[in-house]
Amino acid sequence: MSHRFVIQRHHASTLHFDVRLEIDGVLVSWAVPKGPSTDPAQRRLAKRVDDHALDHIDVEGRLGTGTVIVWDTGTYEMRTEGTAAEALANGHLTVELHGQKLGGGYAFLRTGGDDWLMIKTKDDAADRHRDPAQDENTSVLTGRTNDDYA
């Protein structure tokens, strides 16, 4: 069964990427300071943050002191045994993304407290030479950048 995901590029006091997966009626969220990688050798810190309502999935623009763009969006499928809630509780969730910028498997591994790692799995979508978080900074919805909303 496919569910929705969104990755928002959020420039507030610091730049980070909010990775949000639709799980049990909310957007379960992680803040990823360096953004997602397509290189399986890269381990990205992912801080678990508050869940968001589903209507936040297409939020873009100026919010408070920062700006947000929908950097990537699409659907995902669970690759972990059991339910997503069980995987979150166990601290190991693996999904397959079907986005406009990202595809293939990604694992979320809890390392302690709210600290997790986001790791690209070794699959056909892995690419150690591509750095989309650094090089692809426009909204998939509007083509705008964070600077356009500043």
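Listing for the model above:
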| read-out | value |
| --- | --- |
| Odd one out for A125, checked against (1) more than 17 Å from Q8 (Cα to Cα); (2) part of a loop (DSSP other than H, G, I, E, B); (3) over 17 Å from the mean Cα position of the chain (by Cα) | (3) |
| Test: residue in the stretch 57-66 that is basic (K, R) and surrounded by 14 or more Cβ atoms within 10 Å (Cβ to Cβ) | no |
| Failed condition for A89, given (1) within 18 Å of D123 (Cα to Cα); (2) free of Cβ contacts under 8 Å to residues at least 12 places away in the same chain | (1) |
| Scan of the stretch 130-146 for residues that are touching a residue at least 60 places away in the same chain (Cβ under 8 Å) and either surrounded by fewer than 12 Cβ atoms within 10 Å (Cβ to Cβ) or among the hydrophobic types (A, V, I, L, M, F, W, C) (or both), ordered by number | A133, Q134, V140, L141 |
| Selected residue (only one of L88, L45, L97 is surrounded by 15 or more Cβ atoms within 10 Å (Cβ to Cβ), touching a Leu at 6+ places or on another chain (Cβ under 8 Å), closer than 15 Å to R20 by Cα and aliphatic (A, V, I, L, M)) | L45 |
| All positions within the stretch 100-118 that are of a type outside the set (D, E, K, R), more than 16 Å from R20 (Cβ to Cβ) and surrounded by 15 or more Cβ atoms within 10 Å (Cβ to Cβ) | G103, G104, G105, A107, L109, L117 |
| Odd one out for E77, checked against (1) in contact with a Ser or Thr (Cβ under 6 Å, 6 or more places away or on another chain); (2) surrounded by 14 or more Cβ atoms within 10 Å (Cβ to Cβ); (3) modelled with pLDDT of 95 or more | (2) |
| S37 more than 11 Å from L54 (Cβ to Cβ), surrounded by 22 or more Cβ atoms within 10 Å (Cβ to Cβ) and either free of Cβ contacts under 8 Å to residues at least 40 places away in the same chain or among the hydroxyl-bearing types (S, T, Y) (or both) | yes |
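The values are calculated or read from the model by the stated rules, or taken from the named source; none is laboratory data. Owing to the predicted nature of the structure, the values given are computational and were not obtained by experimental measurement. Virtual Cβ from ideal backbone geometry, glycine too; neighbours counted across all protein chains shown.
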